[in-house]
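Chemist: Just dropping this structure here.
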Amino acid sequence: MRDIHTIAVGESGEYGRRLVRYLERHVPPSVRIYHFTRQDAMKEMKERADIYVIDPAFAGLISEKEGDGEGHDSTGGRACIYLTDEERGENSFSRTDPPKMLLGMMGLTEEGEDHWEGGSLRPCRITVLYSPAYEEDLMTLAMARMEEGDLYLGFEDLGPGNDSRANVGDLCYYIHLRDEDVLDIMEEMCDRSTGIFRLDSPDLFFCLKELTYEEYQWFFDRLRASRRFAGVYVGAGSGFLADPRSFNLFDRVVLIDSLERGRQHAVCARLRKALRSETIDYRGEIQNCIREEILKPSDIHLN
């Protein structure tokens, strides 16, 4: 692999911001990444980058900085890759190409190497927490298992009803389009105020039913393969999981059980058997979570 210490990205639009976020997750931790949205800010950069990834509008500034007077494909021994809207050519990268190809151009990938996290790959496991009775404290139960930087997605029957925030209903639009940037878009939607990435449930689950099983499979497969989060937790209600196949989207099912609610306890026992039956044939891990053992009295909402 190439010895690179700094990468400078010069791009004034939304694409540049998303590209930087991708690079931050896919280059070795020792590599510093600088993002410039204004030409004057890049001009003031004191050190020279090992690689410049720039819109052609920034090219003149690079040649000024390096003092070669040419502004061509490399600057003082530094590589310069130009971002274009057309098919990729020599020393250029098309905005429509997969960003992994850019890593290859920079010499930052080897065969089989996808994501850096202290020099190794992080496993990604997607867990669904499901209560057969509506559970207003489902996210609280999920957060008891989560660590900083994990992701929570709300697929519950009822959401918090906060119209000012994006929610999973908004995310469904991009899943339906199979937008290649869906994970970047999802991160931008997330609330991070509690140290986790959180995207709440929609007001009602009806919009969740508009997507097909195959569309959800496409999304969760991309999320799992991206390895962006070591822990992904999905809070789901009966509206989303009405199709038994939906359980197979997840690596682990956590059933929200109750010692105080006899019916809920009985349904969890039956559901565990159903998941292992030939009809559903769920192959992942199944756990029971006793809600009263996790929730403190101050956590529990009155129904």
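Chemist: Can you tell me how many residues within the range 66-91 are acidic (Asp, Glu), modelled with pLDDT under 65 and surrounded by fewer than 18 Cβ atoms within 10 Å (Cβ to Cβ)?
Modeler: Applying the first criterion (acidic (Asp, Glu)) to the range 66-91 yields 66, 68, 70, 73, 85-87, 90.
Still in the running and modelled with pLDDT under 65: 66, 68, 70, 73.
Filter once more, keeping what is surrounded by fewer than 18 Cβ atoms within 10 Å (Cβ to Cβ): 68, 70, 73.
So the count comes out to 3.
Chemist: Picking from ASP251, ASP299, ASP203, which residue would you name as being at pLDDT below 95, within 30 Å of LYS100 (Cα to Cα) and not small (Gly, Ala, Ser)?
Modeler: Every option except ASP251 fails the conditions.
Chemist: Has the range 180-198 got any residue that is open to solvent by 60 Å² or more (accessible area, probe 1.4 Å) and closer than 15 Å to SER246 by Cβ?
Modeler: no
Chemist: Limited to the range 27-49, what total is found for residues that are touching an Asp or Glu at 6+ places or on another chain (Cβ under 8 Å), among the charged types (D, E, K, R) and in a loop (DSSP other than H, G, I, E, B)?
Modeler: 1
Chemist: Here's something else I'd like to know. Give me a count of the residues in the range 1-26 that are in contact with a helix residue (DSSP H, G or I) (Cβ under 6 Å, 6 or more places away or on another chain) and not in a helix (DSSP H, G or I).
Modeler: Of the residues in the range 1-26, 2 are in contact with a helix residue (DSSP H, G or I) (Cβ under 6 Å, 6 or more places away or on another chain) and not in a helix (DSSP H, G or I).
Chemist: Residues in the range 199-213 that are hydroxyl-bearing (Ser, Thr, Tyr) and open to solvent by 20 Å² or more (accessible area, probe 1.4 Å): how many?
Modeler: So in the range 199-213, the residues hydroxyl-bearing (Ser, Thr, Tyr) come out as 201, 212-213.
Within this subset, residues satisfying the condition of being open to solvent by 20 Å² or more (accessible area, probe 1.4 Å) are 212-213.
So the answer is 2.
Chemist: Quick one: LYS209 ticks every box in (1) farther than 14 Å from VAL128 by Cβ; (2) of a type outside the set (A, V, I, L, M, F, W, C); (3) in contact (Cβ under 8 Å) with a residue 40 or more places away in the chain; (4) in contact with a Gly (Cβ under 9 Å, 6 or more places away or on another chain) except a single one, so which number is it?
Modeler: (3)
Chemist: May I pose another question? Let me confirm something: among ARG224, ARG263, ARG283, which residue is surrounded by 12 or more Cβ atoms within 10 Å (Cβ to Cβ), outside any strand (DSSP E or B) and not hydroxyl-bearing (Ser, Thr, Tyr)? Break it down stepwise before answering.
Modeler: On the way: ARG263 fails: surrounded by 12 or more Cβ atoms within 10 Å (Cβ to Cβ); ARG283 fails: surrounded by 12 or more Cβ atoms within 10 Å (Cβ to Cβ).
Only one candidate qualifies: ARG224.
Chemist: Moving on to the next point. If SER63 meets every condition in (1) at pLDDT 75 or above; (2) open to solvent by less than 40 Å² (accessible area, probe 1.4 Å); (3) not in a loop (DSSP other than H, G, I, E, B) apart from one, which number is that one?
Modeler: SER63 satisfies all of (1) at pLDDT 75 or above; (2) open to solvent by less than 40 Å² (accessible area, probe 1.4 Å); (3) not in a loop (DSSP other than H, G, I, E, B) except (1).
Chemist: Which of the numbered conditions does ARG245 fail, given that it passes all the others? Conditions: (1) touching a Leu at 6+ places or on another chain (Cβ under 8 Å); (2) surrounded by fewer than 16 Cβ atoms within 10 Å (Cβ to Cβ); (3) closer than 21 Å to PHE155 by Cβ.
Modeler: Only one criterion in (1) touching a Leu at 6+ places or on another chain (Cβ under 8 Å); (2) surrounded by fewer than 16 Cβ atoms within 10 Å (Cβ to Cβ); (3) closer than 21 Å to PHE155 by Cβ is unmet by ARG245, namely (1).
Chemist: If you don't mind, there's one more thing I want to ask. Residues being of a type in the set (Phe, Trp, Tyr), closer than 17 Å to LYS100 by Cα and over 15 Å from the mean Cα position of the chain (by Cα): count how many of those fall in the range 1-38.
Modeler: The first filter runs over the range 1-38 and keeps only residues of a type in the set (Phe, Trp, Tyr), leaving 15, 22, 34, 36.
Going one step further and asking which of them are closer than 17 Å to LYS100 by Cα, we end up with 15, 22.
Within this subset, residues satisfying the condition of being over 15 Å from the mean Cα position of the chain (by Cα) are 15.
Residues meeting the conditions: 1.
Chemist: Quickly run through the range 122-163 and pick out the residues that are under 30 Å from PRO28 (Cα atoms) and open to solvent by 10 Å² or more (accessible area, probe 1.4 Å).
Modeler: Pass one, the range 122-163, residues under 30 Å from PRO28 (Cα atoms): 122-127, 143, 145-153.
Correct list: ARG122, PRO123, CYS124, ARG125, MET143, ARG145, MET146, GLU147, GLU148, GLY149, ASP150.
The values are calculated or read from the model by the stated rules, or taken from the named source; none is laboratory data. Owing to the predicted nature of the structure, the values given are computational and were not obtained by experimental measurement. Please note: Cβ atoms are built from the backbone with ideal geometry, for glycine as well, and neighbour counts cover all protein chains shown. Note: accessible area is taken over every heavy atom of the protein model, side chains too, but ligands, DNA and RNA are not part of it. Shrake-Rupley method; radii C 1.70, N 1.55, O 1.52, S 1.80 Å.
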